[in-house]
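The values are calculated or read from the model by the stated rules, or taken from the named source; none is laboratory data. Because the structure is a prediction, the values reported are computed rather than measured. Cβ placement follows ideal geometry from the backbone for every residue including glycine, while neighbour counts extend to all protein chains displayed.
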């Protein structure tokens with residue numbers, strides 16, 4: 001079985017960060033979201049992986065190639081995000097006549113996909129779709145099941161959902177899905193929807209099974225989703241300290257990377273601090289991820305994700321924040337006092 005991982009798209013719901021950063025590369029617990037996906041498919045026994053890339057493709061390629069993976073990885077360019085079924089058509093040369101798992105690169109599932117892959121191979125349906133219960137099914141593709149738990153209907157982002165069972169962004173297919181993708185029309189969004197392709201399988205007598213996600217699942221399409229995924233992953237971390245502590249205390253489970261110095265500060269886990277960071281006269285609270293090469297001075301940070309290269313000085317108390325790369329935040333010491341902003345498009349500022 002092969003894997004097709006989607007790592008394209010514009011990530012409009014995560015702007016302004018995604019103006020310069022591909023959304024699947026945003027780190028959760030200091031690891032790019034895309035890497036969790038790659039690890040999951042390799043754990044399931046996949047040795048050939050195709051990654052769909054689009055905007056910022058060089059970022060994705062360079063990031064993936066920076067790691068030695070136990071798999072062959074090929075990059076497939078999709079010029080425009082025209083739907084998941086379109087991505088399958090773009091990857092036809094890579095997929096050939098093989099079974100495959102398609103995995104959205106901005107989804108995270110606790111526990112991986114091994115059990116679902118086994119179910120697909122044992123039951124041998126034309127498709128097996130992962131489903132999870134959600135509170136807001138209008139945001140997702142939604143499944144309707146029959147009395148035996150088999151999928152009978154799929155609807156993309158319905159105004160009136162037939163159930164609360166959302167597609168979890170992970171699909172297993174036999175090669176017949178290629179025929180389905182070639183026989184559907186673009187939706188009102190002008191995209192080839194994977195829900196329409198799977199519905200084509202159902203309408204033409206092919207078997208489509210469901211597999212439930214029993215643990216947590218996150219679609220990291222919005223900043224609050226990234227913060228929630230960060231909390232969930234940090235809940236499982238094992239403590240590890242490779243840094244230097246001076247007049248500081250650590251409470252709970254914390255990971256501190258090599259080359260980092262913690263001075264006159266309090267660290268309260270679960271949290272993670274990357275490599276070559278300097279934390280001084282500060283408080284780093286639970287559910288905080290601080291990436292490599294950051295400096296934090298005289299500041300309290302809690303329940304936040306801080307990307308690499310940031311400098312935060314005397315910034316008061318920072319809560320529930322997602323801060324991009326190489327950001328500088330510092331207290332204004334000049335008079336008269338006031339607040340100065342340089343804010344990009346589609347930003348949100350809470351004071």
Lone qualifier among 141, 105, 111, 147 - being more than 18 Å from residue 179 (Cβ to Cβ) and free of Cβ contacts under 8 Å to residues at least 12 places away in the same chain: 147
Count of residues meeting criterion [farther than 16 Å from residue 181 by Cβ and buried (at least 23 other Cβ atoms within 10 Å of the Cβ)] in the range 60-100: 1
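Every residue, every condition in (1) modelled with pLDDT under 85; (2) touching a helix residue (DSSP H, G or I) at 6+ places or on another chain (Cβ under 7 Å), yes or no:
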{"residue": "123", "(1), (2)": "no, no"}
{"residue": "160", "(1), (2)": "yes, no"}
{"residue": "178", "(1), (2)": "no, yes"}
{"residue": "186", "(1), (2)": "no, no"}
{"residue": "195", "(1), (2)": "no, no"}
{"residue": "217", "(1), (2)": "yes, no"}
Among (1) closer than 30 Å to residue 167 by Cα; (2) assigned to a loop (DSSP other than H, G, I, E, B); (3) outside the structural domain of residue 104 (by TED's automatic domain parsing), the one test that residue 228 misses: (2)
Answer from 90, 60, 67 - the residue that is within 20 Å of the chain's Cα centre (by Cα) and over 14 Å from residue 42 (Cα atoms): 60
Filtered residues of the range 43-58 (kept if crowded, with 17+ Cβ neighbours inside 10 Å and not in a loop (DSSP other than H, G, I, E, B)): 48, 49, 50, 51, 52, 53, 54, 56, 57
Test: residue in the range 186-196 that is within 25 Å of the chain's Cα centre (by Cα), without any contact (Cβ under 8 Å) to a residue 40 or more places away in the chain and not in a helix (DSSP H, G or I): no
Exclusive hit being in contact with a strand residue (DSSP E or B) (Cβ under 8 Å, 6 or more places away or on another chain), modelled with pLDDT of 95 or more and buried (at least 16 other Cβ atoms within 10 Å of the Cβ), set 271, 275: 271
Subset tally (residues that are more than 26 Å from residue 1 (Cβ to Cβ) and surrounded by 15 or more Cβ atoms within 10 Å (Cβ to Cβ)) for the range 159-176: 4
Single condition residue 141 does not satisfy, out of (1) at pLDDT 90 or above; (2) surrounded by 23 or more Cβ atoms within 10 Å (Cβ to Cβ): (1)
